[in-house]
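Presented below is the structure to which this report refers.
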Amino acid sequence: MTSSPEDANTLVLQKAPAIDRAGLLSGLAADLHNDSQQKRFTALILVELAGFRHLNRRFGFEVGDSVLAYVLNHLFENIKKASLVGRIGDDCFAIVVPELKSLSLLPVSANKIQQILAAPIVYQQEEIHLDSYVGISVAPLNAISNQQLLMHAEQSLQRARRAIDHCYMADAETEDSPPLNEWELQEALRRAAGANELMLCYQPKICLQTLTPVACEALMRWHSESFGEVSPGVFIPLAEESGLIMDLTEWAALALPREAIDFRYDEVPLNVALNVSPKDLVAGHLHATLESALNIWDMPSTNVTLEITEGTLMDNPQASFDLMQALKQQGFRLSIDDFGTGYSSMSYFKLIPADEIKIDKCFITNLANDCDDQVLVRAIIDLAHHFQMKTVAEGVEDMQTLQMLMAMKCDYAQGYHFTPALPSDQFKTWLSNYQVQDYFPQESQRSNQ
Ligand code: C2E
Ligand code: CA
Ligand code: CA
């Protein structure tokens with residue numbers, strides 16, 4: 001035992017809490033969700049201690065438990081980019097690293113983990129040395145769903161036990177992690193509605209004049225029996241390519257009024273937004289589906305907003321505008337989603353028969369620090385107002401951004417600052433607990449002065 005005392009860490013007796021598989025999977029699902037939208041990688045790193053049984057036998061369980069707690073703390077303190085660090089098995093730890101733009105540093109991180117854990121731990125003048133195996137899988141290269149990503153990380157860990165450097169990163173090309181079979185995913189999606197695997201979650205839109213929730217957007221979630229949680233960023237484009245989108249829209253149109261008929265804030269019903277694909281518009285069945293679904297629940301069409309993405313509208317603007325006009329005459333509010341990303345020509349702007357424009361979150365996320373985004377967002381708001389359209393900023397994550405949007409006279413805000421999308425019962429609880437001062441502390445202080 002040659003290391004100097006400064007290198008060593010003294011062991012404090014304590015226990016390491018464990019998270020269960022469900023906890024890991026749900027944390028992972030949230031990151032996969034975001035990263036698939038932002039086109040970034042999510043890495044799942046599993047770390048297993050080598051020979052932990054011997055350590056338990058030699059020093060006893062109390063010391064063994066304390067070593068696990070020590071490992072957990074060290075991983076937590078040193079892997080700053082992790083969104084989740086947890087113990088998921090006896091001597092196995094999971095680390096989720098989201099928002100990766102490149103994978104080049106992953107082997108370095110794996111090595112760093114092994115080095116951190118290799119530093120000797122001192123217990124009653126004795127040094128304990130830990131050796132670890134590291135297995136890594138990456139979304140979307142190895143898998144796109146949480147369950148499959150975990151399965152690939154477990155396979156990598158198995159290989160790491162045989163690898164010279166005790167580390168293995170799943171490769172998208174190797175046979176242990178076959179590329180994602182789109183056909184299987186599509187078939188699973190075809191069965192999803194019938195198999196009760198779909199659900200809607202709801203995210204509020206907050207009025208920036210009254211500072212209260214006045215509307216909400218329904219966002220679809222798919223929990224597949226075979227693939228686990230699949231992000232809409234993956235299954236919606238797949239559904240659009242394969243034509244399945246119309247079945248999904250129909251399913252959502254039927255579920256929405258049933259769930260949302262009693263969404264209220266301060267006794268006032270919320271306006272509810274449904275995402276529709278331009279393919280739904282073209283197929284022309286949307287009118288009839290919506291009409292019969294709303295009739296069943298006695299929900300007026302004026303209480304429903306249809307969100308249509310800007311990009312695809314512009315493939316055939318005149319035909320889309322005609323169909324939108326017909327829906328408008330039926331009483332629906334219309335919203336142009338992801339505004340600013342679809343390169344629509346300015347000359348079309350005055351022809352778009354919309355009531356609302358949703359400023360894409362790519363302009364909002366960094367608003368507080370980016371002067372160009374500030375100029376663009378202010379211009380979009382002014383332009384929309386000139387044409388009597390309301391504006392919604394999506395992706396509002398903090399107070400500073402919210403205040404800027406208020407100063408720019410944006411009409412509504414939506415984003416994690418308030419809440420992510422929630423299942424209907426949780427959304428109702430969120431509405432009933434809503435307090436202005438929780439989300440607008442400065443505004444409520446000002447009104448008290
Ligand atoms: P979208 O319509 O632009 O929906 C907004 C997305 O931003 C949602 O992602 C939402 O969860 C996410 N989001 C909300 N607040 C924040 C925030 O503060 N920060 C960040 N980073 N993200 C935030 P989601 O639910 O993954 O949906 C992705 C896309 O899938 C949607 O984008 C929409 O285009 C499509 N989609 C979702 N549900 C449906 C549906 O029922 N039908 C159709 N046709 N498309 C849907
Ligand atoms: Ca939307
Ligand atoms: Ca959007």
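Where a number appears in this text, it was derived from the coordinates with a stated rule and is not lab data. All figures in this text were calculated on a predicted structure; none of them were measured in a lab. Cβ: placed from backbone, ideal geometry, glycine included. Neighbour counts: every protein chain shown.
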Next item on the list: Starting from the Cα gyration tensor of segment 390-449, take the square roots of the eigenvalues, sort them a ≥ b ≥ c, and report rounded, prolate or oblate (rounded when a/c is under 1.5, otherwise prolate if a/b is larger than b/c, else oblate).
Entry: oblate
Item checked: D (Stokes-Einstein, µm²/s), Kirkwood Cα radius, segment 7-47, 1.306 mPa s at 10 °C -> 121
Notebook entry, point to check: Let a ≥ b ≥ c be the square roots of the eigenvalues of the Cα gyration tensor of segment 111-260; is it rounded (a/c under 1.5), or, if not, prolate (a/b larger than b/c) or oblate?
Noted result: oblate
Item checked: Translational D in µm²/s for segment 3-91 (Stokes-Einstein at 4 °C, 1.567 mPa s, Kirkwood Rh from C-alpha pairs) -> 86
Notebook entry, point to check: Leaving out same-chain residues fewer than 8 places away, which aspartates and glutamates sit with a Cα under 15 Å from that of Lys81?
Noted result: Asp31, Asp35, Glu99
Next item on the list: Take the Cα pairs of segment 58-156, get the Kirkwood Rh, then feed it into Stokes-Einstein at 10 °C and 1.306 mPa s and tell me D in µm²/s.
Entry: 107
Item checked: Chain lengthening between Trp183 and Met199 when straightened (0.36 nm per residue, less Cα-Cα) -> 3.5 nm
Checklist line | Reach of Lys358 by Cα under 17 Å, taken over lysines that are not fewer than 8 positions away in the same chain | finding: Lys205, Lys350, Lys390, Lys409
Item checked: About the Cα centre, charge dipole magnitude for the chain (Lys/Arg +1, Asp/Glu -1 at Cβ), debye -> 460
Next item on the list: Rounding to the nearest 20 debye, state how big the charge dipole of segment 9-85 is about its Cα centre with +1 on each Lys and Arg Cβ and -1 on each Asp and Glu Cβ.
Entry: 160
Next item on the list: Starting with the highest mean, order 195-207, 271-283, 370-382, 68-80 by the number of other Cβ atoms within 10 Å, averaged over the residues of each peptide.
Entry: 271-283, 195-207, 68-80, 370-382
Check: Helix-derived [θ] at 222 nm for the chain: sum -39500 (n - 2.57) over DSSP H runs of at least 4, divide by residue count, nearest 500?
Finding: -13500 deg cm²/dmol
Next item on the list: Show me 234-244, 104-114 ranked by packing, highest mean number of other Cβ atoms within 10 Å first.
Entry: 234-244, 104-114
Next item on the list: Please name which of Met151, Ala283, His129 has its Cα lying farthest along the dipole of the chain towards the positive end, using unit charges on Cβ (Lys, Arg +1; Asp, Glu -1) and the Cα centre as origin.
Entry: His129
Note to self: Please report the spacing between the Cα centers of segment 218-271 and segment 79-94 in Å, no decimals.
What the structure shows: 32
Checklist line | Assigned charges on the beta-carbon of Lys, Arg, Asp, Glu; segment 1-144 dipole about Cα centre (debye) | finding: 460
Checklist line | Pair-distance profile P(r), taking every C-alpha pair of segment 175-274, with 10 angstrom steps and integer % | finding: 14, 40, 25, 15, 5, 1
Margin query: Below 13 angstrom from the Cβ of Tyr133, what's the summed charge of the other residues (Lys, Arg +1; Asp, Glu -1)?
Written below: -2
Checklist line | Square roots of five times the Cα gyration tensor eigenvalues for the chain, Å | finding: 47, 26, 20
Item checked: Percent of beta bridges antiparallel (DSSP, the chain, rounded to nearest 5) -> 60
Next item on the list: Any chance you could list P(r) for segment 202-350, counting all Cα-Cα pairs in 5 angstrom bins from zero, rounded to whole %?
Entry: 2, 8, 17, 21, 20, 16, 10, 4, 1, 0
Checklist line | Using a Förster distance of 30 Å, the FRET efficiency for Cys362-Asp165 (Cβ separation, nearest 0.05) | finding: 0.15
Notebook entry, point to check: Thr429 label point, 7 Å along Cα→Cβ, cut-off 18 Å on backbone N: hits in segment 202-242?
Noted result: 202-204
Item checked: Extension gain, Leu238 back to Gln125 (0.36 nm per residue minus Cα-Cα distance, nm) -> 34.7 nm
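Could you tell me which of rounded, prolate or oblate describes segment 292-348, using a ≥ b ≥ c as the square roots of the eigenvalues of the alpha-carbon gyration tensor, with rounded for a/c under 1.5 and, failing that, prolate when a/b is larger than b/c and oblate otherwise?
Since a/c reaches 1.5 and a/b is larger than b/c, the shape of segment 292-348 is classed as prolate.
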